[in-house]
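Read the structure below first, then the notes.
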Amino acid sequence: MGTVTVRVPEELKAEMKKYGVEAGEVARRAWDEEVKKRKREEAREAAASLGEYFSQFPKEQILEWIHADREKR
């Protein structure tokens with residue numbers, strides 16, 4: 001596991017200590033959520049890009065490709 005150092009204002013550090021906030025756990029959770037959020041955004045963008053690409057083909061053509069692919073299995 002890697003190490004990251006974060007500086008926080010003294011007042012915040014004191015409040016974290018007062019309330020028993022585990023800085024490492026909170027930071028890991030926040031970074032994990034941020035990475036998940038960005039992955040979802042990346043997937044949305046990829047889906048939109050694919051939607052734009054496939055919109056140039058008639059639906060019948062796309063269905064034909066799907067059926068042909070399924071028959072290969």
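The values are calculated or read from the model by the stated rules, or taken from the named source; none is laboratory data. Bear in mind that the values here come from a model prediction, so they are computed numbers and not experimental data. All Cβ positions, even for glycine, are placed from backbone atoms using ideal geometry, and neighbour counts span all protein chains on display.
Annotation note: Cβ proximity below 9 Å between a residue of the range 24-47 that is without any contact (Cβ under 8 Å) to a residue 12 or more places away in the chain and closer than 15 Å to THR5 by Cα and a residue that is assigned to a helix (DSSP H, G or I) and not basic (Lys, Arg) (sequence gap 6+ or interchain) occurs for VAL26/MET16.
Name the one entry in GLU11, GLU33, GLU15 that is at pLDDT 95 or above, on the phi < 0 side of the Ramachandran plot and under 29 Å from the mean Cα position of the chain (by Cα).
When all the criteria are applied, what remains is GLU33.
For the chain, the helices (runs of 4 or more DSSP H) that sit wholly inside it and include 1 or more residues that are of a type in the set (Val, Ile, Thr) and surrounded by 10 or more Cβ atoms within 10 Å (Cβ to Cβ) are 23-54, 59-72.
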